[in-house]
1. Pick out, from the range 206-297, the helices (runs of 4 or more DSSP H) lying fully within it that include 2 or more residues that are of a type in the set (Val, Ile, Thr) and in contact with a Leu (Cβ under 7 Å, 6 or more places away or on another chain).
2. Does the range 278-293 include one or more residues that are buried (at least 16 other Cβ atoms within 10 Å of the Cβ) and of a type outside the set (A, V, I, L, M)?
3. Consider VAL93 against the criteria (1) surrounded by fewer than 22 Cβ atoms within 10 Å (Cβ to Cβ); (2) not in a helix (DSSP H, G or I); (3) not hydroxyl-bearing (Ser, Thr, Tyr): it satisfies all of them except one. Which criterion is unmet?
4. Looking at the range 169-189, can you tell me whether even one residue there is in contact with a helix residue (DSSP H, G or I) (Cβ under 6 Å, 6 or more places away or on another chain) and more than 30 Å from LEU288 (Cβ to Cβ)?
5. Before we move on, is ARG261 surrounded by 13 or more Cβ atoms within 10 Å (Cβ to Cβ) and among the charged types (D, E, K, R)?
Amino acid sequence: MTESTHRSGFACFVGRPNAGKSTLTNALVGQKIAIASSKPQTTRHVVRGIVTREDGQLILIDTPGLHRPRTLLGQRLNDLVYETWSEVDVVGVCLPCDQRIGPGDKYIISEIAKLKRRPTLVALATKTDLVSKERVLSHLVDVAAVAEELDIEWAEVIPCSATANDQIDVVRDALINLLPEGPQYYPDGETTDEPTETLIGELIREAALEGVRDELPHSIAVMIDEILPRPDRPEDKPLTDIFATIVVERDSQKGIIIGHRGARLREIGTAAREQINRLLGTRVHLNLHVKVLKEWQRDAKHLNRLGF
């Protein structure tokens with residue numbers, strides 16, 4: 001590659017729930033822009049992370065996971081996924097080393113292979129820190145076999161771990177090198193084009209997802225009502241008041257989120273506040289309420305209001 005070549009373009013990661021997609025996005029960007037959780041369908045918005053270097057600019061799109069939709073929300077999220085796939089230059093398929101490659105993985109890869117404008121495919125053998133070297137090697141053999149079985153070609157196969165920061169620079173180099181030549185789309189220093197309000201809402205939802213089980217994760221949404229700098233504060237000690245509403249679908253879910261005498265809601269507030277302090281670089285006071293919107297995932301009017 002000559003000195004004058006500047007590459008730019010879009011990439012996204014795909015994979016089963018908990019394959020490490022959002023964690024990898026955050027590691028490559030060098031900052032938390034996508035929430036990570038072990039719950040399926042945690043990612044609901046398309047979040048753009050920006051990696052800028054002298055030789056190129058990579059725009060990483062963190063998308064919801066492809067799944068069998070049971071609600072109107074699920075259908076809209078799937079539509080978003082297919083739309084993103086058809087627009088990106090490179091797709092990184094996350095195939096965690098601690099799990100066998102299964103029918104779900106093959107289904108996702110074959111769906112990408114059917115696209116009229118097929119993006120370049122990169123295999124990322126994630127979570128290398130959780131297994132032995134022998135297991136990584138046998139996993140790489142399986143990764144190669146999948147390409148043969150589905151009649152696709154991997155442009156690169158890279159074992160990596162986002163949590164251990166293992167080979168993340170190799171992933172970054174490979175993705176940028178596979179982009180077409182192009183201009184810089186975003187100014188230096190910008191890591192996401194996501195509005196601060198959306199990022200705050202996502203951090204609250206991440207805290208609310210911790211420790212809940214069964215169907216509740218899908219029923220949680222967050223609305224930011226107001227963000228106000230506290231007046232009469234000294235300049236060197238600013239405080240921001242954030243008023244937010246956690247939305248659920250049933251009264252029983254409201255009880256779970258609030259917890260005994262409000263204990264659970266206080267835990268959510270404490271966990272979210274730490275992350276928001278870090279994001280804004282200033283202290284915040286978080287005021288959380290819980291509201292029931294019956295069957296919001298199936299109601300077009302509610303979905304539109306919640307930004308889906």
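The values are calculated or read from the model by the stated rules, or taken from the named source; none is laboratory data. The model shown is predicted, which means the values in this text are computed figures rather than measured ones. Backbone-built Cβ (ideal geometry, glycine too); neighbour counts: all protein chains shown.
1. On the way: elements: 216-219, 251-258, 263-280.
In the range 206-297, the matching helices (runs of 4 or more DSSP H) lie at 251-258, 263-280.
2. No, that holds for no residue.
3. Every condition holds for VAL93 apart from (1).
4. Going through the range 169-189, the residues in contact with a helix residue (DSSP H, G or I) (Cβ under 6 Å, 6 or more places away or on another chain) turn out to be 172.
Still in the list and also more than 30 Å from LEU288 (Cβ to Cβ): 172.
Yes, the range 169-189 contains at least one residue that is in contact with a helix residue (DSSP H, G or I) (Cβ under 6 Å, 6 or more places away or on another chain) and more than 30 Å from LEU288 (Cβ to Cβ).
5. Working: surrounded by 13 or more Cβ atoms within 10 Å (Cβ to Cβ): no; among the charged types (D, E, K, R): yes.
Judged against the criteria, ARG261 is not a match.
The rows are residues; the columns are (1) in contact with a Ser or Thr (Cβ under 8 Å, 6 or more places away or on another chain); (2) more than 21 Å from ASP299 (Cα to Cα); (3) modelled with pLDDT under 90; (4) not assigned by TED's automatic domain parsing to the domain that holds GLN57.
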| position | (1), (2), (3), (4) |
| --- | --- |
| VAL212 | no, yes, yes, yes |
| VAL222 | yes, no, no, yes |
| GLU226 | no, yes, no, yes |
| ILE257 | no, yes, no, yes |
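Per-residue answers, yes or no, for (1) in contact (Cβ under 8 Å) with a residue 60 or more places away in the chain; (2) over 15 Å from the mean Cα position of the chain (by Cα):
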residue: ASN165; (1), (2): yes, yes
residue: ALA174; (1), (2): no, yes
residue: ASN177; (1), (2): yes, yes
residue: THR191; (1), (2): yes, no
residue: LEU199; (1), (2): yes, no
residue: LEU203; (1), (2): yes, no
residue: ALA207; (1), (2): yes, no
